[in-house]
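*Asks:* Questions regarding the structure given below will be posed in turn.
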Amino acid sequence: MTPPVIAQALLAAAAPAGDYDSVAGDLHEEYLHRVPIQGVGAANRWYWAQALASIPPLLSYSRTQRSIWNGLAVGAMVVVSPVVLLLATEAINDTIRVTCGGGHCAAWTYFSADWTDAAVFGALLAFCIRAGGVRLVLVSAVLLVTAIVIPTLLGFSSRLPLTEWLLLFGAVPAMCAGASTYQIIHRRSEN
């Protein structure tokens, strides 16, 4: 019997690299204990509840000791990566506009390209940071959104159309999904 795969993936994405095996192992052991007593459905629901309840503490926990220089380098990557993401997104959107002959492409083309770009940047940032990747990618994505939302709401920049807001707020889960995917693949390749 195996626990729900998506719940395991969420744990793999949220847990610090050194702690994933012990957290997943403990939950798997208890899951196997519950299956014969409660049945697969109840054991799956229990596993989901435990996995979801574990995510916030796992995201905020880290045993990794970093030097001040390492912390500054990671902080710089977290702050600079949204700027690079925006520049790459603009270049991709310009390419799409030229390819479509003046920008008459369907909206899904821009959504797909921009969210894929955000997912790739999330994975690259998680690769560069390694320890605490998803947590720091989330911080970076929130910085990206905040840097655009606050000036817009305060009237320092022009109003964004609804599609631009959707693209912007979609970058947060896309970056986190990219980082999570990287961490899951990286952990699977280590075993």
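Read-outs: derived from the displayed coordinates by stated rules, not from any lab. No experiment lies behind these values; they were computed from the predicted model shown. As a convention, Cβ positions derive from the backbone with ideal geometry for all residues, glycine included, and neighbour counts pool all protein chains shown.
*Asks:* Please compute the modelled spin-label separation between residue 128 and residue 33, points set 7 Å along Cα→Cβ, answer in nm with one decimal.
*Replies:* 4.4
*Asks:* Give the Cα extents of region 1-51 along the principal axes, in whole Å, largest first.
*Replies:* Its Cα atoms span 32, 17, 15 Å along the three principal axes.
*Asks:* While we're looking at this one, here's another question. Take the Cβ-Cβ distance between residue 157 and residue 5 as r, set R0 to 35 Å, and report the resulting FRET efficiency rounded to the nearest 0.05.
*Replies:* Details: r = 43 Å, r/R0 = 1.22.
E(calc), rounded to 0.05, equals 0.25.
*Asks:* How far apart, in nanometres, would the label points at residue 26 and residue 142 be if each is projected 7 angstrom from Cα along the Cα-to-Cβ direction?
*Replies:* With each label placed 7 Å out from Cα toward Cβ, I get 2.5 nm.
*Asks:* Apply the Karplus parameterisation 6.51 cos²θ - 1.76 cosθ + 1.60, with θ equal to phi minus 60°, to every residue of region 36-45 and state each ³J(HN,Hα) to the nearest whole Hz, in sequence, with x for glycine and proline.
*Replies:* The phi angles translate into x, 7, 9, x, 5, x, 5, 5, 5, 4 Hz.
*Asks:* Between residue 53 and residue 181, how high is the FRET efficiency from 1/(1 + (r/R0)^6) when r is the Cβ-Cβ distance and R₀ = 25 Å? Nearest 0.05.
*Replies:* So, using R0 = 25 Å, E works out to roughly 0.65.
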